[in-house]
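Structure record follows, encoded as structure tokens.
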Amino acid sequence: MRTLVVGAGATGGYYGARLAEAGADITFLVRPARAARLASEGLKVASPLGDLHLREPRTIIAADLPQAGAFDLVLLSCKAYDLDAAIADVAPAVGEGTAILPVLNGMAHLDALDSRFGAAKVLGGSCAIAAMLTPEGTIRHMSELCSITYGERDGGTSDRIASVDALMKMAAPKFQPRLSDRIQLEMWEKWVFLATLASGTTLMRAAIGDIVAAPGGTALLTALHEECTAIADASGFAPREKVASGARGQLTAAGSTFTASMLRDIEGKGRIEADHVIGDLIARGQAQGIATPMLDLAYTGLKAYEARRARETKAP
């Protein structure tokens, strides 16, 4: 299965490297500077599941993609704020039989991909990985818990999803692949959890355990989770009780050092996915007549951060 992995950063780079290690036909779509570095140094992964050095990873830049022909699968794992550029770059690789597997957070990316390529080409997907790209260009994978979930969005079976499943299983146990027959529900369940976590930890600038230790902290996190759950329910994807109760436990655990990556991005003065993860959820709630005062407050804080970052970036 000829597969194009969009980017060779922390997420796409890790999954793509493990698939290539297992013998899959993997090409990384990267920018010229990254292509040059990979050509000279290879793709390096440092992981508790075993280090890896792909000395000659196959790469391509966007300008050369029209001559490469269509791919069978496009694995899309960019940040939401890079989605429009990624869609434009990857378009020449998408042919009549191409399947696109996005593993972004939230749901807005599905609307964008459907609009550009047609819903029939777009699978549902989700991943869980703790990884970062070091300044030296190494992918540092930080936990043995690493998974990717995928499925047809209507819950059905198909030859193409069976082929995707077979491809992903090539890399096990370096990550845990799973075919789901309810992928959109699982994407919503993850979104509810992530939006709660991101809203709470960025609003309070603290880890879950720190928030819980503060007066009103547990009530704040619970209220955020209830708002997110209500939106999912009204959208036809109410989280399963086992999943919801597990999420509440994680989101209110005393002593937990758990934070959202969005908080780490803010602390590093980086870009954030405020609109994709929080803003879009609020908009869907408004469309259903659901009040979201806690999410609104968190979103205001995130947009204020973005405004400050933009001002300071422009400052001489």
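The values are calculated or read from the model by the stated rules, or taken from the named source; none is laboratory data. It should be emphasised that the depicted structure is a prediction, and the values quoted were computed from it without experimental measurement. All Cβ positions, even for glycine, are placed from backbone atoms using ideal geometry, and neighbour counts span all protein chains on display.
Here are a few things to note about the model shown:
- Qualifying residue in segment 249-258 (condition: over 21 Å from ASP82 (Cβ atoms) and in contact with a His (Cβ under 8 Å, 6 or more places away or on another chain)): yes
- Of all residues in segment 278-288 being touching a residue at least 12 places away in the same chain (Cβ under 8 Å) and more than 20 Å from the chain's Cα centre (by Cα), the one that is nearest to THR313 (Cα to Cα): GLY285
- Taking the conditions (1) surrounded by 14 or more Cβ atoms within 10 Å (Cβ to Cβ); (2) polar (S, T, N, Q); (3) part of a helix (DSSP H, G or I) in turn, SER245 satisfies each one other than (1).
- Restricting ASP265, ASP210, ASP275 to those that are without any contact (Cβ under 8 Å) to a residue 12 or more places away in the chain, buried (at least 16 other Cβ atoms within 10 Å of the Cβ) and under 21 Å from the mean Cα position of the chain (by Cα) reduces the list to ASP265.
- Condition check for ARG55: more than 23 Å from GLY270 (Cα to Cα), under 21 Å from the mean Cα position of the chain (by Cα), charged (D, E, K, R) and at pLDDT 95 or above: no
- Residue count, segment 103-120 (criterion: among the polar types (S, T, N, Q) and closer than 21 Å to ALA232 by Cα): 1
- Flag if ASP165 is in contact with a Leu (Cβ under 8 Å, 6 or more places away or on another chain), farther than 24 Å from HIS276 by Cβ and either surrounded by fewer than 19 Cβ atoms within 10 Å (Cβ to Cβ) or of a type in the set (Val, Ile, Thr) (or both): yes
- Checking ALA291, ALA253, ALA307, ALA238 one by one, the residue that is more than 20 Å from the chain's Cα centre (by Cα), surrounded by fewer than 20 Cβ atoms within 10 Å (Cβ to Cβ) and in a helix (DSSP H, G or I) is ALA307 and no other.
- Scanning segment 213-229 for residues that are in contact (Cβ under 8 Å) with a residue 12 or more places away in the chain and either within 14 Å of GLY249 (Cα to Cα) or not hydroxyl-bearing (Ser, Thr, Tyr) (or both) yields ALA213, GLY217, THR218, LEU220, LEU221, THR222, ALA223, LEU224, HIS225, GLU227, CYS228.
- Among the residues making up segment 84-111, those that are under 15 Å from MET187 (Cβ atoms) and aliphatic (A, V, I, L, M) are ILE100, LEU101, VAL103, LEU104, MET107, ALA108, LEU110.
- When segment 20-44 is filtered for residues that are part of a loop (DSSP other than H, G, I, E, B) and surrounded by fewer than 17 Cβ atoms within 10 Å (Cβ to Cβ), the ones remaining, listed by number, are ALA22, GLY23, ASP25, ARG31, GLY42.
- Strands (runs of 3 or more DSSP E) fully within segment 45-114 counting 1 or more residues that are over 19 Å from ALA8 (Cα atoms): 94-102
- Number of the condition not met by LYS314 [criteria: (1) on the phi < 0 side of the Ramachandran plot; (2) at pLDDT 95 or above]: (2)
- Any hit, segment 5-20, residues being under 11 Å from LEU167 (Cα atoms), touching a residue at least 60 places away in the same chain (Cβ under 8 Å) and among the polar types (S, T, N, Q): no
- GLY13 meets all of the listed conditions (1) farther than 16 Å from GLY137 by Cα; (2) crowded, with 24+ Cβ neighbours inside 10 Å but one, namely (1).
Condition check ((1) touching a residue at least 60 places away in the same chain (Cβ under 8 Å); (2) of a type in the set (A, V, I, L, M, F, W, C); (3) in contact with an Asp or Glu (Cβ under 7 Å, 6 or more places away or on another chain); (4) under 24 Å from SER143 (Cα atoms)) across all residues:
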| position | (1), (2), (3), (4) |
| --- | --- |
| ASP25 | no, no, no, no |
| PHE28 | no, yes, no, yes |
| GLY42 | no, no, yes, yes |
| ILE60 | no, yes, no, no |
| VAL74 | yes, yes, no, no |
| ASP82 | no, no, no, no |
| VAL90 | yes, yes, no, no |
